[in-house]
Amino acid sequence: MITVEAGNPFAPQARVLLEESHALMQSLFPAEENYFLSLDALCSDNIHFFTARRGDVVVGVGALANHGAYGELKSMFVEEASRGQGVIDAIMRQIEDHARSLGLALLRLETGTLLYAAHKTYARHGFAVCGPFGEYQDAEFSIFMQKTL
């Protein structure tokens, strides 16, 4: 069973997953086109960070940035051994439920052009391609998506 709950990005298992995610993004995209949040930034007041665990093992992470008019998905990552097992779906449900509880009617995200599995996952959850939002600019390696809640 997968349990998703509020978490701490500095907790050892969550930190390992975030560092793996950051390393992957750095290996795929130029530094100026990496928009992941640092562990410190994931502790900001407007960030709601979640961990997914199977038993005592954290197998995935995700965050919701509350921008007032909309929420933004950040730091979505599942360990390789647990991919395709519903972990990201559980995290998405938790984030969507939490966004609704905050009164947010729109979710947005930025993801990399080379992250094909992520594109399919977000589309399966009702996200559609849109233009840049917030402080983002059009970028060669970015895809922007949104979903009305």
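Values in this text are rule-based calculations from the coordinates and carry no lab data. Remember, predicted model here, so these are calculated numbers, not experimental data. No Cβ is skipped: glycine too gets one built from the backbone with ideal geometry, and neighbour counts run over all protein chains shown.
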Q: Scan (1) farther than 17 Å from Asn46 by Cβ; (2) surrounded by 13 or more Cβ atoms within 10 Å (Cβ to Cβ) for the single condition Arg100 breaks and write down its number.
A: (1)
Q) Out of all the residues in segment 122-133, which are touching a residue at least 60 places away in the same chain (Cβ under 8 Å) and part of a helix (DSSP H, G or I)? A) none
Q. Restricting the search to segment 5-60, which residues are within 23 Å of Glu96 (Cβ to Cβ) and among the acidic types (Asp, Glu)?
A. Glu5, Asp45
Q: Provide a single number: the residues in segment 14-41 that are more than 21 Å from Glu80 (Cβ to Cβ), within 14 Å of the chain's Cα centre (by Cα) and assigned to a helix (DSSP H, G or I).
A: 1
Q.
For segment 40-60: of the residues being of a type in the set (A, V, I, L, M) and surrounded by fewer than 17 Cβ atoms within 10 Å (Cβ to Cβ), which is nearest to Val16 (Cα to Cα)?
A. Val57
